[in-house]
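Working notes, beginning with the structure itself.
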Amino acid sequence: METGSFTEKVEKIRMPYRIAILAGTVILLVGLFIWFIYLPKSEQIDKARQEIKTLEIKLNQAKMKAKDLKKFEQEFAEVNIQFADALNLLPNNKEIPALLKTLTQLGTDSQLEFLLFSPQRERPKDFYMEIPVAVQVSGSYHNVAVFFDKVGRMDRIVNILNVDMKPVKDRSTSLTTKCDAVTYRFKGETDAPQQTKK
């Protein structure tokens, strides 16, 4: 009974109004769909796109850093090799006695007579220590030159400084040669200057 009366009422409504009601219903449904489903999903999609862009930027930055890291690792390896080479040139504390013994052996092999071989006090520099040795030998000019040449060919750095040559006697081919043989070593923790107590 009620269904029939509702249908009768609908039939009594004019066609333009029916179309308007239908159009309004469709618009309402579309509006509800847009409001409750499309817009939230659209915002999520925009948010996801923004996140993807951010992640792509971060990924590109990470790739650039990875390239730089490989470059830095290579440079670090090269510096380590150079540092190892420098360490080979500069002896450490334990190697100094053996180095001094080698110097005397080179002098003896060069047919020189040692009159003085006196290690002096170490002199601190920026990152290394100077180790001077006062040397006085007797022998010919040629033998002294051979000795200096052999010292110059050593793996370790040893500089011959303050060379002073004098003949043993007037018109003698034998010379008394004074010089400083200076070698170097890297500073260690024990070389740090001690702070005076207040």
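The values are calculated or read from the model by the stated rules, or taken from the named source; none is laboratory data. Here the structure is a predicted model, which is why all the values come from computation and not from measurement. Methodologically, a virtual Cβ is constructed for each residue, glycine included, from the backbone with ideal geometry; neighbour enumeration extends over all protein chains shown.
Okay, here's what the table says:
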item	result
Search result, residues across the range 138-157 that are aromatic (Phe, Trp, Tyr) and either modelled with pLDDT under 90 or more than 12 Å from GLY107 (Cβ to Cβ) (or both)	TYR141
Test: residue in the range 6-28 that is at pLDDT below 70, more than 30 Å from THR176 (Cα to Cα), of a type in the set (Phe, Trp, Tyr) and not assigned by TED's automatic domain parsing to the domain that holds SER140	yes
Condition met for GLU75 (over 18 Å from LYS187 (Cα atoms) and either crowded, with 16+ Cβ neighbours inside 10 Å or of a type in the set (D, E, K, R) (or both))	yes
Any chance LYS166 is part of a strand (DSSP E or B), loosely packed, with under 15 Cβ neighbours inside 10 Å and in contact with a strand residue (DSSP E or B) (Cβ under 7 Å, 6 or more places away or on another chain)	yes
Test: residue in the range 96-118 that is within 14 Å of VAL182 (Cα to Cα), over 24 Å from the mean Cα position of the chain (by Cα) and not in a helix (DSSP H, G or I)	yes
Count of the range 78-115 residues which are exposed (fewer than 12 other Cβ atoms within 10 Å of the Cβ) and either among the charged types (D, E, K, R) or at pLDDT 85 or above (or both)	5
